[in-house]
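The values are calculated or read from the model by the stated rules, or taken from the named source; none is laboratory data. All of these numbers come straight from a predicted model, not from anything done at the bench. Cβ sites come from the backbone with ideal geometry, for glycine too, and all protein chains shown count toward neighbours.
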Amino acid sequence: MPAGAGLIRLLIVEDEPFFRQLLVRSLSSETELEVVGATDNGRDAIRLAEELDPDAVLMDVELSDQLDGITAALEIRRVRPETGIVILSAYSDRQYLINLPVSDLRGWSYLLKKTVPNVATLLRAIQGSVAGLVMMDPSLVANLKPREGTSIAGLTPRQREVLELIAQGYNNAAIGTKLAITEKSVETYINAIYQELHLVGENGTHARVKATLRFLEETAWSR
């Protein structure tokens, strides 16, 4: 059946059969998504991405063939630069995002597999990748603290809260709900953050991506 208007076409790439079936079954029931295919290896993922025209790819880092998930995802993005990529990993590692050029950073999300049962977070990651945002797993963001002397360290505690929620893929309305403040107040905080990070004048989506990248670059794991 053809996808309805607004549905996100999703390709799932996961090498563990039971977990792949769980993802397909769980996400197929979401009204915002259409799961158009699933595979266990990177080479098939690249082929299927060309054949099935997905809006987003949910990609495991460790796959069953010699092509790892990051390499496969980068090849998909080379051919299909607008495809959103949601990386799934069992490990806490943000380096692949930091190492990407800013021009290629839009539309990437990084989630830990332990987060998958939280369907709302998984959906936010998929939707954010399609929208061209960058989204990090909430548990990773919670463990990152500003390094001394950085621009992030110069933010107020409330501004850092807002930036952390931006890094988790929340839009302005959702940030307002989380913090129990008005959307107008959220916009004021974001403008102040952009001022501090010298992002004033950037396109809205691009500014959010750059702000998230700065957050990743200027923080360290808390002990």
Fill in the blank from the handout: Expected output for the stretch 112-132 (first residue on the phi > 0 side of the Ramachandran plot, partner hydrophobic (A, V, I, L, M, F, W, C) and assigned to a helix (DSSP H, G or I), Cβ below 9 Å, 6+ apart or cross-chain) is G132/V209
Problem - Flag if E51 is assigned by TED's automatic domain parsing to the domain that holds R124, exposed (fewer than 14 other Cβ atoms within 10 Å of the Cβ) and modelled with pLDDT of 95 or more - result: yes
Exercise for the section: Provide a single number: the residues in the stretch 18-38 that are touching a Lys or Arg at 6+ places or on another chain (Cβ under 9 Å) and modelled with pLDDT under 95. Expected result: 1
Practice task
Mind listing whichever residues of the stretch 32-51 are over 21 Å from R78 (Cβ atoms) and touching a Gly at 6+ places or on another chain (Cβ under 9 Å)?
Solution key: E32, E34
Exercise for the section: For residues that are touching a strand residue (DSSP E or B) at 6+ places or on another chain (Cβ under 8 Å) and in a helix (DSSP H, G or I), scanning just the stretch 181-223, find the one that is nearest to A153 (Cα to Cα). Expected result: F215
Practice task
Could you check how many residues of the stretch 65-91 are among the small types (G, A, S), modelled with pLDDT under 95 and crowded, with 17+ Cβ neighbours inside 10 Å?
Solution key: 4
Handout entry: Verdict on A153 being assigned to a helix (DSSP H, G or I) and either under 24 Å from L7 (Cα atoms) or in contact (Cβ under 8 Å) with a residue 40 or more places away in the chain (or both)
Key = yes
Practice task
Check the stretch 116-130 and report whether any residue there is under 11 Å from F215 (Cβ atoms) and modelled with pLDDT under 95.
Solution key: no
Completion exercise
Picking from A131, A220, A180, the residue that is closer than 22 Å to W108 by Cβ, of a type in the set (A, V, I, L, M, F, W, C) and more than 12 Å from the chain's Cα centre (by Cα) would be A220
Handout entry: Test: S109 is touching a strand residue (DSSP E or B) at 6+ places or on another chain (Cβ under 7 Å), assigned to a helix (DSSP H, G or I) and surrounded by 22 or more Cβ atoms within 10 Å (Cβ to Cβ)
Key = no
Fill in the blank from the handout: Residue pairs qualifying under the 7 Å Cβ cut-off, at least six apart or on distinct chains, with the first in the stretch 58-79 being in the same structural domain as I126 (by TED's automatic domain parsing) and closer than 13 Å to R43 by Cβ and the second being in a helix (DSSP H, G or I) and of a type in the set (K, R), are D65/R43; L67/R43
